[in-house]
Amino acid sequence: NAGVTQTPKFRVLKTGQSMTLLCAQDMNHEYMYWYRQDPGMGLRLIHYSVGEGTTAKGEVPDGYNVSRLKKQNFLLGLESAAPSQTSVYFCASSYRTGGNYNEQFFGPGTRLTVL
Amino acid sequence: KQEVTQIPAALSVPEGENLVLNCSFTDSAIYNLQWFRQDPGKGLTSLLLIQSSQREQTSGRLNASLDKSSGRSTLYIAASQPGDSATYLCAVRGSSYKLIFGSGTRLLVRP
């Protein structure tokens, strides 16, 4: 049981380049999330998904797109990277039991630098 | 708009001391509150989750309490160890799907 995994761990891009971050979870969770963590700003939600084939915007969605074609995978895309997107990106997943939302489990993060 | 505050921002204690980390939130309409630990350069590790109907949760040397009416939660760490040194984050979940995070408390436990 690997939990939540993220690929790649590190990446350096030039302004204008594109890339996709992959998140995978093997816990059969319905909900998946993408956050970014920046010094002084804390963790902020970019996009999230409540099930296969669904996505929704979080707090800071501009410049990012996401897809959830399979339940276990959640992809975050940067179409044209900007220096302001330099950050550490975390993926998380969670599930619901009856009326209770359960804990979110986080991946190890992807450190992205945009030059 | 929900805001989460953690005090203190940093804490340094000698090994063996019992300590309390504080988390406050402005909107009491929450589904749950989660405490995390983050080591430098690493991801977040979930420590405890308290549902809105619960008052406290315990795991080993950790005890977290929740007082929704006053908008407060505390994380109690008993008999602290150098290995407890990390940043501790609290996060609340409201009616939307997102977690709102505090800025964290950096804990250093000195041998």
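The values are calculated or read from the model by the stated rules, or taken from the named source; none is laboratory data. Everything numeric in this text was worked out from a predicted model, so none of it was measured. Here Cβ is always computed from backbone atoms with ideal geometry, including for glycine, and neighbour counts include all displayed protein chains.
Observations on the structure shown:
Yes/no per residue for (1) within 14 Å of chain B (Cβ to nearest Cβ); (2) farther than 19 Å from residue B:89 by Cα; (3) part of a strand (DSSP E or B); (4) touching a His at 6+ places or on another chain (Cβ under 6 Å):
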| site | (1), (2), (3), (4) |
| --- | --- |
| A:16 | no, yes, no, no |
| A:23 | yes, yes, yes, no |
| A:29 | yes, yes, no, no |
| A:36 | yes, no, yes, no |
| A:71 | no, yes, no, no |
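- For the residues B:75, B:48, B:89, the requirement of being touching a residue at least 12 places away in the same chain (Cβ under 8 Å) and either within 22 Å of residue A:58 (Cβ to Cβ) or not in a strand (DSSP E or B) (or both) singles out B:89.
- Only one of B:33, B:47, B:19 that is aliphatic (A, V, I, L, M), within 14 Å of another protein chain (Cβ to nearest Cβ) and farther than 18 Å from residue B:3 by Cα: B:47
- From B:65, B:73, residue being modelled with pLDDT of 95 or more, closer than 26 Å to residue A:91 by Cα and among the hydroxyl-bearing types (Ser, Thr, Tyr): B:73
- When the residues of the range A:32-57 are filtered to those that are surrounded by fewer than 20 Cβ atoms within 10 Å (Cβ to Cβ) and among the hydroxyl-bearing types (Ser, Thr, Tyr), the one that is farthest from residue A:82 (Cα to Cα) is A:54.
- Residue A:66 meets each of the listed conditions (1) touching a Leu at 6+ places or on another chain (Cβ under 7 Å); (2) more than 14 Å from every other protein chain (Cβ to nearest Cβ) apart from (2).
- Any hit, the range A:53-63, residues being at pLDDT 95 or above and on the phi > 0 side of the Ramachandran plot: yes
- Extreme residue, surrounded by the fewest Cβ atoms within 10 Å (Cβ to Cβ), among residues of the range B:79-98 that are facing chain A (nearest Cβ under 10 Å) and under 21 Å from residue B:63 (Cβ atoms): B:93
- The set of residues in the range B:53-69 being small (Gly, Ala, Ser), touching a residue at least 12 places away in the same chain (Cβ under 8 Å) and assigned to a loop (DSSP other than H, G, I, E, B) consists of B:69 alone.
- Sole exception among (1) at pLDDT below 95; (2) more than 14 Å from the chain's Cα centre (by Cα); (3) among the β-branched types (Val, Ile, Thr) for residue A:12, by number: (1)
- Unmet requirement for residue A:71, which otherwise passes all of (1) within 17 Å of residue A:106 (Cα to Cα); (2) in contact with a Gly (Cβ under 9 Å, 6 or more places away or on another chain); (3) crowded, with 21+ Cβ neighbours inside 10 Å; (4) at pLDDT 95 or above: (3)
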